[in-house]
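Peer 1: Sharing a structure here in C-alpha cells format.
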Amino acid sequence: MTSAYFPVARMRRLRRTRALRDMVQENGLSPRDLIWPVFIRDGHAIAEPIASLPEVERLSLDKLLPAAEKAHKLGIPAICLFPYTDQSLRTETCEEAWNPENLTNRAIRMLKAEFPELMVMTDIALDPYNANGHDGFVVNGEIVNDETVEALVKMGLAQADAGADILGPSDMMDGRIGALRDALEAQGHKDVAILSYAAKFASAFYGPFRDAVGASGRLVGDKATYQINPANREEALRCVARDLAEGADMVMVKPGMPYLDICRAVKDQFGQPTFAYQVSGEYAMLMAAAQNGWLDRDKVMLESLMSFKRAGCDGVLTYFAPRVAQALAE
C-alpha cells in the first residue's frame, strides 16, 4: 500500500465534514446485522430482571410476543432463544432437552405462528437441562462426547420440528455438526440452517449468561476439556474448517471483542458467513461502566458493534440489539 506524502496527501481532507466522512466510510451497521439473544422462562406476565445483565430480563412467553414484535418492526431479522429451565426439570439424563413441549419448542411454535417472517434461532447444548451444568453428559467426572452428540441430535430435531429456522450448536462436541446435518436431511429438514459455534473459547466472559440460564450454581469444574484454549488461534481455525466440512452453513466466534483477530482470520481464510457473539460479560462491562458515568453507553455500544463489522463479521449476536436498532432508526 502506497500513498502520497504530506502535504500532497492530507488525510484530514476527507474528515472535514460529516458528509465527507459518511461518503468514504468503509463499513456500515444496520439492524439486519443483528441477532437478539432472549432469555425465556415459564410463567405468566413475568419480566424478571437479571442482576448481572443490566436491562436484560427473563421473559414469560406472553411477554416474549410484544418484545419480538418490537424487534421485528425495528428490522432485527432473528431472535435467539435461551431457556431458564425449572430446577425440577434439570437431570443428569437431560430428557427435557428434546421434549417437544419444552419451553423453547413452545416458544418457537408461538413465534413462528405470530411472526412467520421473523427468524427464530435456537441454542443446542445440554447445560440448561443438565443437573451438572455442563453442555454434555457427565460420566464419572468426564464430559463424554459421542453420547452427548446423540442427545444433541435429538434436541436439534425437536427444534426443527417446532419450526426453528436456524440451529445454533454451542456445545463444542466433536462431530456434532455432521451428525446433526445428516439427521436433518434424513428427517426432511433440508432447509434448516446451522449456525455453528465453531470457535467457542473457554472464556471467563460467560458468567452473567450462566446466571441468566440458572447454570452457575450447578457447574462443577470448568469447560476447558471441550471449549478452545483462549491462547490457540490455529486450533480455532481447524475447528471452523471441520464444522464447515461437516455441513455448517454459517460459523460463529465466541466471545466477540477479545477475539476480533479470530473473526478476521475466519472471514479471510474461509469466506463464509461469519458471526460473533458479543457475550454477556462484554455487555455487562460496557453497561456497568455506562451506569457509573464512565462511558457513553450508546456511543460505546455502536463503536463496539462496528468493530465486529470491521473485523469481517456479517452479523453479531448482541443483547444491545433492540437499542442499537432504535438508535440507528433515530
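Every number in this text was worked out from the coordinates using simple rules, so none of it is lab data. What you see is a predicted model; the values in this text were computed from it and never measured. Glycine also receives a Cβ, built like all others from the backbone with ideal geometry; neighbour counts cover every protein chain displayed.
Peer 1: Go through segment 130-136 residue by residue and turn each phi into a ³J(HN,Hα) via Karplus (6.51, -1.76, 1.60, θ = phi - 60°); whole Hz please, and just put x for glycine and proline.
Peer 2: 9, 4, 9, x, 9, 6, x
Peer 1: Given 0.36 nm per residue, what is the gain on full extension from Tyr5 to Glu150 after removing their alpha carbon distance, in nm?
Peer 2: 46.0 nm
Peer 1: Long-range amide H contacts for Ile124: which residues qualify at under 5 Å (H placed 1.01 Å from N, peptide plane, sequence gap of 5 or more or a different chain)?
Peer 2: Answer set, sorted by chain and number: Gly168, Ser170.
Peer 1: Okay, helix-only estimate at 222 nm for the chain: each DSSP H run of n ≥ 4 adds -39500 (n - 2.57), divide by all residues, round to 500 deg cm²/dmol; what do you get?
Peer 2: Details: 11 runs with 126 residues, N = 330.
Result for the chain, helices only: -11500 deg cm²/dmol.
Peer 1: Which trypsin sites (Lys or Arg not before Pro) does segment 1-51 hold that lie in a coil by DSSP with at most 14 other beta carbons within 10 Å?
Peer 2: Listed in order of number, the matching sites are Arg10, Arg16.
Peer 1: Can you put Trp294, Trp36, Trp98 in order of Cβ neighbours within 10 angstrom, beginning with the fewest?
Peer 2: Fewest-to-most Cβ neighbours within 10 Å comes out as Trp294, Trp98, Trp36.
Peer 1: List the trypsin sites (Lys or Arg not before Pro) within segment 136-209 that fall in a DSSP loop (any state other than H, G, I, E or B) and whose Cβ has at most 10 other Cβ atoms within 10 Å. The partial results should precede the final answer.
Peer 2: Details: sites: Lys154, Arg176, Arg181, Lys190, Lys200; in loops: Lys190.
Within segment 136-209, the qualifying trypsin sites (Lys or Arg not before Pro) (loop, at most 10 other Cβ atoms within 10 Å) are Lys190.
Peer 1: Now a separate question. If you take all C-alpha pairs in segment 93-241, what percent of them are over 28 Å apart?
Peer 2: In whole percent, the long-distance tail amounts to 17.
Peer 1: When all C-alpha to C-alpha distances in the chain are sorted into bins of 10 Å, what percent of pairs does each bin hold, rounded to whole numbers?
Peer 2: Bins of 10 Å from zero give 6, 25, 35, 23, 7, 3, 1, 0 percent of pairs.
Peer 1: By DSSP, what percent of the beta bridges with both residues in segment 32-329 are antiparallel, rounded to the nearest 5? All intermediate terms of the calculation are to be shown ahead of the outcome.
Peer 2: On the way: 6 of 40 bridges.
So the antiparallel bridges in segment 32-329 amount to around 15 percent.
Peer 1: Counting only residues 5 or more places away or on other chains, whose amide H sits under 5 Å from the amide H of Leu219 once H atoms are built in the peptide plane?
Peer 2: For Leu219, whose amide H was placed from the backbone, there are no distant partners under 5 Å.
Peer 1: Taking the Cα centre of each part, how many Å lie between segment 22-90 and segment 278-330?
Peer 2: Their Cα centres are 14 Å away from one another.
Peer 1: Need the full-extension length gain, Asp62 to Asn292, defined as separation in residues times 0.36 nm minus the C-alpha distance. One decimal, nm.
Peer 2: Net length gain for the segment: 79.5 nm.
Peer 1: Compute the angle between helix 61-73 and the longest alpha-carbon principal axis of the chain, please, reported from 0 to 90 degrees and rounded to the nearest 10.
Peer 2: 30
Peer 1: How many Å³ per residue does the convex hull of the Cα positions in segment 146-193 occupy?
Peer 2: Cα-based convex hull of segment 146-193, divided per residue, equals 62 Å³.
Peer 1: Quick one: which residues, 5+ away or cross-chain, put their amide H under 5 Å from the amide H of Ile35? H built at 1.01 Å from N.
Peer 2: Result for Ile35 returns Val316, Leu317, Thr318.
Peer 1: Follow-up question, since we're still on this one. Can you sort Met301, Met119 from fewest to most other Cβ atoms within 10 Å of each residue's own Cβ?
Peer 2: Met119, Met301
Peer 1: Whole-Hz ³J(HN,Hα) for each residue in segment 46-52, computed from phi via Karplus 6.51 cos²θ - 1.76 cosθ + 1.60 with θ = phi - 60°, x for glycine and proline: what do you get?
Peer 2: For segment 46-52, the Karplus-derived couplings read 10, 10, 9, x, 10, 4, 8 Hz, x marking Gly and Pro.
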